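**Q** Before anything else, here's the structure in question.
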Ligand SMILES: [Zn+2]
C-alpha cells in the first residue's frame, strides 16, 4: 500500500523484534498516514488525539509482549529525502528575501 516512513520496534520474548510501521499513502491529497503492525495486521484509526508513537508502543507491549529496547526510527530513504529538501527550502527562502529587497 503506502510507503513505510517510520518504524517502531521493540523486543519481545525470545529476543524477537516486533515492528509497527507508519505507512504514508501519497495517493491521497493531502496524504494519509496509517499505523500498521507488521505481525498481526493491527491498524487502528488515527482519528484520535493520542500520540501515534504511544499507540505503537502500547500495541507492541499489549499484543506482543514486547516492551524492551523500544526504538523509533525513520525510514532510511525518507530521511535522506528530507536532507535534500531542507537545504532546497533554505535556498528558496534566501532567494525570495533577496528578490524582495531589490
Ligand atoms: Zn501486532
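**Q** Mind checking which residues of segment 24-44 are within 15 Å of the chain's Cα centre (by Cα) and more than 14 Å from the ligand (Cβ to nearest atom)? Walk me through how you get there before you give the answer.
**A** Step one: list which residues in segment 24-44 are within 15 Å of the chain's Cα centre (by Cα), which gives 24-26, 31-38, 43-44.
Within segment 24-44, 24, 25, 26, 31, 32, 33 qualify.
**Q** Moving to a separate point now. I'd like to know if segment 68-79 contains one or more residues that are outside any loop (DSSP other than H, G, I, E, B), at pLDDT 95 or above and within 15 Å of the ligand (Cβ to nearest atom). Give the steps one after another, and end with the answer.
**A** Keep residues of segment 68-79 that are outside any loop (DSSP other than H, G, I, E, B), which gives 68-74, 76-79.
Remaining after also requiring at pLDDT 95 or above: none.
Within segment 68-79 (the criterion being outside any loop (DSSP other than H, G, I, E, B), at pLDDT 95 or above and within 15 Å of the ligand (Cβ to nearest atom)), the answer is no, since none of the residues qualifies.
**Q** Now a separate question. Out of segment 2-45, which residues are farther than 24 Å from residue 65 by Cβ and either surrounded by 13 or more Cβ atoms within 10 Å (Cβ to Cβ) or in contact with a strand residue (DSSP E or B) (Cβ under 6 Å, 6 or more places away or on another chain) (or both)?
**A** 2, 3, 5, 24, 25, 31, 32, 33
**Q** Also, I was wondering about something else. For a quick check of your reading of the model, give me the residue pairs whose first member lies in segment 64-78 and is on the phi > 0 side of the Ramachandran plot, whose second is part of a loop (DSSP other than H, G, I, E, B) and surrounded by 14 or more Cβ atoms within 10 Å (Cβ to Cβ), with beta-carbon atoms closer than 9 Å and at least 6 apart or on different chains.
**A** 65/12
The values are calculated or read from the model by the stated rules, or taken from the named source; none is laboratory data. All figures in this text were calculated on a predicted structure; none of them were measured in a lab. Cβ coordinates were reconstructed from backbone atoms using ideal geometry, including for glycine residues, and neighbour counts include every protein chain displayed.
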